[in-house]
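J.: Mind looking over this structure? Questions follow.
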Amino acid sequence: MKRIVFLMVVTLTNLCNSQQLFMEIGKTMSAFDYKNSLGVRLDNMQSKPNNYLKMGYRDVLNHNETLFFSIGANYNGYGAIGSDRLLDNFYEWDVTYLGVEAGVDFRIFRIRDFSFFLKGTASAEFLIQGNQTLNNQVFNLVGEEEFNNHIFFLRGGLMMTYPISRNTHITANYSLGKTVLLDKGNATDQEELKLLAHQFGFGIIISLPNCNCPF
């Protein structure tokens, strides 16, 4: 009985000590799939680099410490630029979304101090700033009923971690994501924007000190 209690305490202590905070920052290269109010898709669009930032909480899900769960907030900028030779026009988008994100990391292998993870995340993002430029006219997209101000993003990618101290790891990250449109409300036209985004970034993971667990 004492041995079982001891093992339970050790297990709970390890899980408690695995609690972590993380932050990641990097660049986003986005591709836009845009349809105007008539449902016509615009071609010849080029991606425009933007920044992203995410931070949150991370914890282990199994005793082997190969599967982790994370939850946090993200700040993402997306952009595109293009033109139409036939119509002799120019268009550009700059949009910024703030969101909440949840995901899992699975460690697939380790080479010395380097660990490699597969990552999958899902996030709900809300437009906080956005401009659409058509020729010499600029339109504010925030609050426009015809434009998808709420998006749902699914992402998958890779992460590499390396320890720089007992409680701190640095990370290198890549992810590829695609949006799934949420309800557009009572929009009467066919204008919509779908996003495909590549993200490249670096981050830090900090293990929390021993927590005051109830045992």
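J.: For the modelled label position 7 Å from the Cα of Asp113 along Cα-to-Cβ, which residues of region 155-171 have backbone nitrogen atoms closer than 17 Å?
T.: Within reach of a label on Asp113, which here means backbone N under 17 Å from a point 7 Å along Cα→Cβ, region 155-171 contributes 160-171.
J.: If you count only protein heavy atoms with a 1.4 Å probe, what accessible area per residue comes out for region 47-140, rounded to a whole Å²?
T.: About 56 Å² of surface per residue is accessible.
J.: Full extension from Ala172 to Arg41: what is 0.36 nm times the residue separation minus their Cα-Cα distance, to one decimal in nm?
T.: The span from Ala172 to Arg41 would gain 43.6 nm if fully extended.
J.: In whole percent, how big is the carbon plus sulfur part of the accessible area of region 83-145, probe 1.4 Å, protein atoms only?
T.: Carbon and sulfur atoms account for 55 percent of the accessible area of region 83-145.
J.: Here's a follow-up. What's the extension gain from His198 to Phe90 if we count 0.36 nm per residue and subtract their Cα-Cα distance?
T.: Using 0.36 nm per residue and subtracting the Cα-Cα distance, I get 36.5 nm.
J.: Here is a further query. Quote to one decimal, in nm, the extra length available between Ile128 and Phe106 on full extension: 0.36 nm per residue of separation minus the C-alpha distance between them.
T.: 4.7 nm
J.: What net charge do the residues around Tyr52 carry, taking every other residue with its C-beta under 9 Å from that of Tyr52, with Lys and Arg at +1 and Asp and Glu at -1?
T.: Around Tyr52, the charge tally is +1.
J.: Give, as a single signed number, the net charge of other residues whose beta carbon lies under 11 Å from the beta carbon of Gly72, with Lys and Arg counted +1 and Asp and Glu -1.
T.: It works out to a net charge of 0.
J.: Still on this structure: Determine, from the Cβ-Cβ distance of Tyr162 and His63 and an R0 of 22 Å, the FRET efficiency 1/(1 + (r/R0)^6), rounded to the nearest 0.05.
T.: So the FRET efficiency works out to roughly 0.40.
The values are calculated or read from the model by the stated rules, or taken from the named source; none is laboratory data. Computed from a predicted structure; not experimentally measured. For neighbour counting, all protein chains shown are included, and Cβ atoms are generated from backbone atoms with ideal geometry for every residue, glycine included. Surface areas here come from the heavy atoms of the whole protein model, side chains and all, with no ligands, DNA or RNA. Shrake-Rupley method; radii C 1.70, N 1.55, O 1.52, S 1.80 Å.
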